[in-house]
Each structure stands twice: as C-alpha cells, then as structure tokens.
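This report refers to the structure that appears directly beneath it.
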Amino acid sequence: MMDTDTLDMLRTSLRHVLTEATNVPLADRLGELGWDEVVADDPVTALHTLFTLKGDTVSSADALGPRLAAALADALGDPQLTTATVGLESPFGPSSLTDGSLTVDAVVFTPPSDNPVVVRVDGEHLAVVVGSALTCTRLTTTDGELAQFRLTGTVPAAQVQCIEGATASIAWNAMVTHGRWLLACELVGIAQHVTASAAQYTGERIQYGKPIGTFQALQHRIATAHVLVVGAARLAEHAGHSGDEWSALVAKAVAGQAAETACTQAQQCYGAIGFTWEHEFHHYLRRTYVLDRLLGDWRSLEREIGNELMNSRHVPKIGML
Amino acid sequence: MTALPDTNPASQLSAEMFESPTAYAAALEAFLSTDERATPYLGYRPHSLEDSAAHLTGLQALLFDSGWSRLGWPESAGGLGGDPRFRAAMFQTLWNLDIPIPEPFTTLEILVPVLLVFAPHLSDALLPGLLRGDDKWAQAFSEPDAGSDLASLRTKMEPDGDGFRLSGQKVWSTFGHLSQRSVLLARSGGPGHKGLTMVLVDLDQPGIEVRPIRAEDGENHFSEIFLDNAWVPADRVIGTLGQGWAIAMYMLQWERGAWGWLQQGRFHQRLQQAVELGTPNAEFAQQLGHAYAMAAALRLTTKQTVERLAREEQLGPEVSVDKLLLIDAELATWDAIRAYLGPRFEVDDTLQWLRHEYLFSRAAPIYGGSQEIQRTLVAQRVLGMPRD
C-alpha cells in the first residue's frame, strides 16, 4: 500500500500530466513517470487516483481505452490484447457475425491503427479484427473535447478471430466491471470538484450586501449534492478494492447520479456566469453527460439493479465489517 | 484482551470471536438460528409497541446472559471488551435473521458511549442492567418550544441539598412511558448553550408524570414528560454543570453515525422481504434499484463511521452526512417497497407490521435534527459555506 507522502507526490505528478498542453499520448507521458511500476505495486490506489483526478481536471486524455484493453487481455489470458482497442456498444447499431462476414459498429476513444480491435458481436461472442480493416470516423459529441470515434465496416470471416461462449462473456463482463469502476471514480472526481467549486463561489458572490452562500436555498442545494457524492465516493472505493461486478454496477449508478445532481445544483449556484464559456463549469457538465452514458447510464443501471433484485429475490450486502 | 464469561455455562463465546467482528457475527448467527431459546424472536411480528417491548426483553436477557451483547462494551462497565464494531455486527446479525432490534439497544447505543466518557461511575454501575433489559432508559432533550432550536430549552434545574430539583416539560422522549430513567437536558444556569446540564433522572418518582404520544403508525413511540420539582441527586449529573451542550454535541456522532449503520441493516432486510413477497415487474425496477443503491451507499458510509468510532477518532460535523444519507435511503427504501407490493400493501392483513414501519419512516427527515438543520450544518461546517 502507498503511504500518504507517496500518494501526495503521485497526485501532484498526475495533475501535471493530466493538465499539460501537449499532443503526446497520455500513455507515453505516464510512462515517463514510471506509471507501470506504480500500477503494478498498488493498482487500486494508482488507478483510483488517476481517474478521480481526471474527473477533477476534466482532462480529455484517453486513460480509459488502454485500461479496458488491459482488463480484457487479463481476463482472456492473452497478453497480446493489451495493445487492442476495445470497441464499446454503438448507439447506431449492433456488431454481428453472420453469413461468413463480420459487420462492425462500435465506439472507441483512440483510433486504431494496425493493432487488434475487439468488439462484442450478437450480444455474446467476441470478434477480434485488425484495426486497419475498419473505417474510423470522429463523432461530434455533447463533450467537444473528449474524443470518441465510430468504427464501422464489413470484414470477411476469414480475417476474424472469434472468441465464443462463457470465456467471451466472462472476459467482457470483467472488462465492463473494470471500466465501470474507473468511470465511477472519474464521475466522483467531477462531482467533488463541482460541489467544492460552487460552495466556494457562493462565498465570493455578493448580492443584497452579503455572500449568496449565506442563503439556505443555496446551502441546501450544495449539501444535497455533497451527500450523494460522499456515498458515491465510498461505493467507488469499495468497487476498486473488491473488484466485484455487483459493486462496480452500483458504484457507477450512484456516481452518475451524483455527478448529474452536483452539476444541476452547482449550475444554479453559479447563476448566469456558469451558463457561459467564460466559466469552467460547462466542461464538467458536458463531461458528465458523456461519461454517464458509457457502460450504462445511471437510470439504466438502477433498472438493472432492480431487475436483478426482483428476479433473484436476493438483496446482497456490499461491504462487511 | 479479556476473560471469557466462564461464570455462565450457556456461553458459546470462544477466543477467536474476539478477533474479528465477522467471526463473531457468524457465530452469533449460528447460535440464534439453532438455539431454541432464540426461536420466539425469529421473524417476530409485534402487535403493539408494548407487546414488542415485553417480548424482546427476553431476547436482551438471552443475549446478555450468554455473553453476546457484552462484546463491544468495556469490562469496567460489565462488558467483555472489544470495540464498537462488535455491536454493529450484532445489529447486522439480528437483521439478517429478521429479529427486531430491541428498542433499548438503540437508546443505549446513543446514550452509553457518552456516559463512558463523561460519567463512567454511572455506566459502570448501570450498563449491565440496561444491556440485559432489566432497566430501560429514555432521552429527554426536546421541549414543546425547543425542537430544532434545542439551546432555547427552559426546563429548570435548581440546587437543593445534595442534589437538584427539575421543573418543566419534555417531549418526543422515545420509549418514555416504558422507561425507568431518562437522560435529560436542563437549564442549570443562564440563557444559551452554556447554561445547560445533562442529568440521569429516575422517572418513577413523585413530581414526574409521563404520558405516551400516539404516533402516525398508531403506536406510542414517544412520550411527554412533565417535571414538577422532580429530584435528581448530584451524582447523577453527567459531566459537569454547564457542560450539557458540549456533551449533547459529542452524542451526535453516535446518534447520527452509529445509528445509520443500525438502520441500513433494517433497509436491506426489508428490501429482501419485499422481493420475496412481490412479483417481478419491470415498472418498479428503477425505483427498487435506486432504493438499494442508496441503502448500499449508506451502508458503506456508516461502515466507515463505525470503524472510525472503533479507532476512537473524534468525529466532527461530517456525521450529518450520514444522517442525510440515512434519510434519503430510508424514504427511498420504503417508497419502493410500498410501490412494488402494490394495492395489497394498504389492505393485506399480513402486511400490517410492514405498514407500521412504512408510516414510521415518514419521521426520518424530522427526528434527531431535521433534514433542513442537517443540510445547513453540512453546508456551513463541512463545505465551508458562509454563515449569516
């Protein structure tokens, strides 16, 4: 486990890496920090810190893509796939493997080159295909800065490696679980930043001769958000340490809701200035909307939780004394 | 750490249970689910609060005599040692087995930690009887004109010989009409916070009248206490004269933190019963999922609070976050249960007990410092928003 001083130094370095203006990929810049060793030493603390800071700084670097590939490679026991690009479900249509050919429609964060792309086909199998065989188009998104790309194309089955059955499902679920945890951390980072920043702003903005933060109407908005953010933070921490699927599902559900609530309440505290590009707030709002959609938005995840409770007739407990 | 209670042949405690709350909880669960003396309490559905109080006194005696409820309390006060996590583990185990928590346990969870610090002579002498259910206590802080604004309370406390006389009126005393004593906050000095003193007063004396108040669910959850020159000896002062407010603030970390853990066990258990009783229906999936997510958030947040209390950290205003999460989780849980079980919830005879708990849940944003007070505390004391 990392001690407090090491963690503080790591935070400072990561904050610098996440906010510096450069076109060098995040992975290369992290490499200079000796990131791989940090992750190998204490993966939960390292990744939790990185993704929470990424939310805090609204960094647009692609930290998630490489982690999804690493999780999938790890679950499949195939180290070559650590260089893969994982194609997430596309809102425009499914990927499928039929009649001797693979049809791809998937979303990624960094364009693939000649590295492998892994997509889920027909909701169960995994298909691996070389990235250069697919067409990559940048998407315009609610968040203009966090890049997302759509991969499309039809590839003859002979050029496709198919991973079938339970192996595929288990690996994909492990990747989703890892991704949900990291996204929960990032959403918590956003929610913490927005809540603290709005609280501070209400102490500076004077109306009627006093700081607007003295009004209970605003105090209660921020307190409401903070409570949900604390709950989300505890769940995200636990999801990291436990690594289990259910904890990550619940953590992402609460984190998405916490970030949206924090943004809604903060927006009203900022008033008109928060509605403009002269203020940083819009970055956080847009980022929340985009991240919440990845690997299940909070309303869908709550439905998933509820359906699981009803159908299994079992209410599990997360975390033991 | 401590000697096992070898005086009692019924004890099934072993040394390894003192090592971890998890091992203790597993052993307690095995005991309660197999020992026939515990059978009357499994799935017990009370007909009234008074029935429940009488019935569950037997459970308190069983848990005390066999040693289980003595873990987590110091040996000086009749406990067996170990930190508060053992108490938290006992509550979770009782909920897991659908055994109602005896109300006195919740009261002593709030009052006794305060006595251990500010009046150890009282906790040493009285905790065993309280834990065993021989003695029951209430808490008398609020007054008709002092609810959220507690520091404005007016019950007078005046010196008289080797003790004090109390006159005034208290209200919202949980379990008051079933209690022999009450921790009470009175005004021994001037106006404001500094004039307040906390005492432990006997309720069964001339000069005190206790009248139950019927709550929304039809049960006598709390009482009014009328004091007319009631007597309290000097050695029943908790802390020192004028220290009452500081002690009440110290109490909050238990009232808001440890209490939240206890309640999350209830929410998980009641959600479990709802999914056993109901018919899966996608219409209610999100509402149930939301309730569960809030209960899980409360569980992990209060787990950390219990662990901090176990390390004897002094908790600050952040315990109001626990209380606010409790409110959100409690309302979400019961609203989801009521929605999921449908129209039968209002009219099914077998769900009477669940309806009572539902109705009582409406008190969550009101008692123990209202939701508005808690939000103001979080905004000002935790987030540093300006005070007027």
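The values are calculated or read from the model by the stated rules, or taken from the named source; none is laboratory data. These numbers come from a predicted model, not from an experiment. In this analysis, Cβ positions are derived from the backbone assuming ideal geometry, glycine residues included, and neighbour counts consider all displayed protein chains. Note: accessible area is taken over every heavy atom of the protein model, side chains too, but ligands, DNA and RNA are not part of it. Shrake-Rupley method; radii C 1.70, N 1.55, O 1.52, S 1.80 Å.
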Protection proxy ranking of A:190-201, B:213-224, B:372-383 - average other beta-carbon atoms within 10 Å, highest first:
A:190-201, B:372-383, B:213-224
Please work out the Cα center distance from the stretch B:171-248 to the stretch A:30-84, rounded to the nearest Å.
58
If you average over every viewing direction, what projected area does the convex hull of the Cα atoms of the stretch A:1-137 give, in nm²?
9.6
State, in angstrom, two size descriptors of the stretch A:168-312 derived from its alpha carbons: Rg to one decimal place and Dmax to the nearest whole number.
16.9, 63
From the C-alpha gyration tensor of the protein assembly as shown, pull out the three semi-axes of the equivalent ellipsoid (sqrt of 5λ each), sorted largest to smallest, in whole Å.
52, 30, 23
Determine which lysines satisfy two conditions relative to A:LYS317: a Cα distance under 18 Å, and not lying fewer than 8 residues away in the same chain.
A:LYS252, B:LYS303
Projected convex hull area of the stretch B:15-135, Cα atoms, direction-averaged, in nm², equals 6.9
Along the charge dipole of the stretch A:1-155, Cβ charges K/R +1 and D/E -1, which of A:VAL24, A:LEU134, A:LEU64 sits furthest on the positive end?
A:LEU134
In square angstrom to the nearest 100, the accessible surface buried at the A/B interface, both sides summed with a 1.4 Å probe, amounts to 4100
Label A:ASP3 and A:ALA147 with points 7 Å out from Cα along Cα→Cβ: what is the distance between them in nm?
4.1
Where nothing but the Cβ of Lys and Arg (+1) and of Asp and Glu (-1) is charged, how large is the charge dipole of the protein assembly as shown around its Cα centre, in debye to the nearest 20?
1480
Separation in nanometres of the label points that stand 7 Å from Cα toward Cβ, at B:TRP353 and A:TYR208:
5.1
Round to a whole number: what % of the accessible area of the stretch A:84-163 belongs to carbon and sulfur, probe 1.4 Å?
50
Per residue value of the accessible surface for the stretch A:214-260 (all protein chains in place, 1.4 Å probe), Å²:
26
For the stretch A:59-203, treating each Cα as an identical point scatterer without solvent, what Debye log10 I(q)/I(0) comes out at q = 0.15 1/Å?
-0.75
Label-point separation (nm) for A:LYS317 and A:GLN161, each offset 7 Å from Cα along Cα-to-Cβ?
4.4
What translational diffusion coefficient, in µm²/s and rounded to a whole number, does the Stokes-Einstein relation yield for chain B at 4 °C and a viscosity of 1.567 mPa s, taking the hydrodynamic radius as the Kirkwood radius over Cα pairs?
59
What FRET efficiency would be calculated for the residue pair A:HIS16, B:THR240, taking the C-beta separation as r and a Förster radius of 56 Å, to the nearest 0.05?
0.60
Isotropically averaged projected area of the stretch A:84-163, using the convex hull of Cα atoms (one quarter of hull area), nm²:
4.9
Taking N as its residue count, the alpha carbon Rg of the stretch A:137-183 over 2.2 N^0.38 Å:
1.60
For peptide A:212-222, how many partner chain Cβ atoms fall within 10 Å of a residue's Cβ, on average?
5
Quick one: Cα centre-to-centre distance for the stretch B:330-363 and the stretch A:232-280, in angstrom?
30
Tell me, what % of the accessible area of chain B is carbon and sulfur with a 1.4 angstrom probe?
51
How much space per residue, in cubic angstrom, does the convex hull of the C-alpha atoms of the stretch B:245-382 take up?
112
Accessible area per residue in Å² at 1.4 Å probe, computed on chain B
38
Please report the Cα spread of the stretch A:151-227 along all three principal axes, rounded to whole Å, starting with the longest.
74, 26, 15
Just to verify a number: FRET efficiency for B:TYR44 and B:ASP65, C-beta to C-beta distance, R0 = 22 Å, to 0.05?
0.70
How much length, in nm to one decimal, is gained on full extension between A:THR276 and A:SER242, taken as 0.36 nm per residue of separation minus their Cα-Cα distance?
8.2 nm
Taking N as the residue count of chain A, its alpha carbon Rg divided by 2.2 N^0.38 Å gives 1.05
I need the Kirkwood Rh of the stretch A:1-66: take the reciprocal of the average 1/r across all distinct C-alpha pairs and report it in angstrom.
12.0
